[in-house]
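Below is one structure, written out as structure tokens, with a few remarks after it.
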Amino acid sequence: MTEQQFQSKLIKEYEGKGYYVLKLIKTNKNGIPDLLCLKRGEVPMFVEVKKEGGKPSPLQEFRIKELNELGFIAFINYPFCKEITK
């Protein structure tokens, strides 16, 4: 499964759970995760999508840490990982 196929699958899964999902293509900050998942009453969730064997860059790891420290949920999702969200 390609990263793009996996990302499309994740978008459908999160939308099926009631999230409003935005694919972040270009932002003013490099290294921001691929998806922003929003749901009323829940903390915004940022998801970096990686294919199996993919590795985040140091900047992506920094942004995920930064977002978590700001109180958001941010993580990397691989095809072989069990979903860790609601």
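Beta bridges from DSSP with both residues in segment 3-77: antiparallel share about 60 percent, rounded to the nearest 5. Over the chain, all Cα pairs binned in 10 Å intervals from 0 give whole-percent P(r) values of 17, 55, 27, 1, listed from short to long. Each helix, a run of at least 4 DSSP H residues, gives -39500 (n - 2.57); summed and divided by the residues of the chain, these come to -9500 deg cm²/dmol at 222 nm.
Exposure proxy shown here: for Val43, Val49, the number of other Cβ atoms within 10 Å sets the order, fewest to most, as Val43, Val49.
Read-outs: derived from the displayed coordinates by stated rules, not from any lab. Just so you know, these numbers come straight off a predicted model, no measurement behind them. So basically every Cβ, Gly included, is an ideal-geometry build from the backbone, and we count neighbours across all protein chains shown.
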